[in-house]
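One structure is given below, encoded as structure tokens.
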Amino acid sequence: MLRNERAIHVVGGLTRYFGNSLKLTAEGYVKRLNDLIVWNDRSTLVRSNDGEAWTTGIDLSLIKRLRRKFYGQVNYSYSWSRQNDNNGEGTFPSDFNQPHIFNALGGYEFNKEWTLSAKWKYATGRPSDVFTVHPDVFGDPNFPRFSRETTVENGDRLPAYHTFNVRVDYRKQFKRFALVNFIDVVNVYNYLNVNEARFLPLTGLEDERGFRILPTMGSKIEF
């Protein structure tokens, strides 16, 4: 029977204020994970609690409160995470290990009704496997198929993630509530952010899937 996974976290941070509108925070952490549920090998469906992992990192944040119609925030995170399934293959980067993540956002209030804001985000690509492709695995020219053999788990990475978003808000205040209409465009420059590379047995190639530009608009009521 599988056991619950366990995690131990140690976190420490500092905060420094610069005047009434600017705040700097720094936070470091160490995490230890034990009894992780992992596959014993790639050829069976048997699982065990043999996995373990550790993560360390630091988060930095500079926040400017709304003053003189402008507000903004900059965040940077560095982290490193390794995992060991204790199956004889050694340690490897954890599935969601992205060493560098950076965010910068800002906004400007033209008046009590109109607001313009923008955000740019960058992140290291998620880990992906190194693999070898074997052609014609069935030896039948009428039924061609390719297979993928993983040689290094999480030994490669997907392309870096980055996106630029822009939003415009129009706020109309009534006595006890406000009606906010907005237009929000995610990934303005239409870059393909890959979040999955799916192997295709028919061709032996990878199908990179993700999202591009995503415009939305809507309304909300605030009380």
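A few remarks follow.
- Scaled radius of gyration (Cα, divided by 2.2 N^0.38 Å) that the stretch 130-198 gives: 2.19
- Over the stretch 6-222, equivalent-ellipsoid semi-axes from the Cα gyration tensor in Å: 43, 26, 14
- Scanning residues 5 or more positions from Arg126 or on other chains, those with amide H under 5 Å from its amide H are Leu158, with H placed 1.01 Å from N in the peptide plane.
- In summary, the lysines within cross-link reach of Lys69, defined as a Cα separation below 24 angstrom excluding same-chain residues under 8 places away, comprise Lys23, Lys112, Lys119, Lys121, Lys172, Lys175, Lys220.
- Here the residues Trp80, Trp39, ranked from fewest to most Cβ neighbours within 10 Å of their Cβ, fall in the order Trp80, Trp39.
- Contact order relative to length of the stretch 6-222, as percent, for alpha carbon pairs under 8 angstrom and 6 or more apart: 12
- Backbone geometry of the stretch 158-169 corresponds, through the Karplus equation with coefficients 6.51, -1.76 and 1.60 at θ = phi - 60°, to 3J(HN,Hα) couplings of 6, x, 4, 9, 7, 7, 10, 10, 10, 9, 10, 10 Hz, x marking Gly and Pro.
- The distance linking the stretch 107-132 with the stretch 1-53 is 24 Å (Cα centroid to Cα centroid, whole angstrom).
- For the stretch 15-65, the alpha carbon positions stretch 60, 16, 10 Å along the principal axes, listed from largest to smallest.
- Cα-Cα separations in the stretch 60-133 greater than 21 Å, expressed as whole percent: 51
- Centre separation in Å (Cα based) which lies between the stretch 162-208 and the stretch 88-106: 22
- Choice from Arg171, Arg68, Arg82 with maximal GNM fluctuation in the chain (Cα, 10 Å cutoff): Arg68
Quick note: the coordinates plus some simple rules give every number you see, no bench work behind them. Small disclaimer: the values here were computed from a predicted structure and weren't measured. All Cβ positions, glycine included, derive from the backbone under ideal geometry; neighbour counts span all protein chains shown.
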